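What follows is calculated from the coordinates using simple rules that are stated; it is not laboratory data. None of the values given here were measured: they were computed from a predicted structure. Virtual Cβ from ideal backbone geometry, glycine too; neighbours counted across all protein chains shown.
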Amino acid sequence: MSDLVPVLQSSLTCPVCGAVTLEVMPVNACVVFYECAHCRANLRPKSGDCCVFCSYGTVPCPPIQMGGSKGACCG
Ligand SMILES: [Zn+2]
C-alpha cells in the first residue's frame, strides 16, 4: 500500500540559540542549508543525516518517512 502520506511540517530546533521554528518540508527534496530566523546561524545536517530536518527537526524529511534509508533521498 502506498497510501502513506508524509508529515510535511517539522519543528526545527536551532542548535545555536534553541529557537524552535515550524517549517514546511518539500516532499521530494532535502534541505541541507537552513538559516535560523532567530540568530541567523547557518545550519547544516549532522554527519550521517541527509537534511537539517533529520538532524534538528521533530519529524524526519518526507523521503525518510516514505521508507527511504538515510541518504537515499539526495545525491
Ligand atoms: Zn538560531
Under a 10 Å cutoff between Cα atoms, tell me which one of 11, 47, 55 has the largest fluctuation in the Gaussian network model of the chain.
-> 47
Quick one: what Rg and Dmax do you get for the chain from the alpha carbons, in Å?
-> 12.1, 42
Distance in nm between residue 47 and residue 21 label points, each 7 Å along Cα→Cβ, equals 2.6 nm
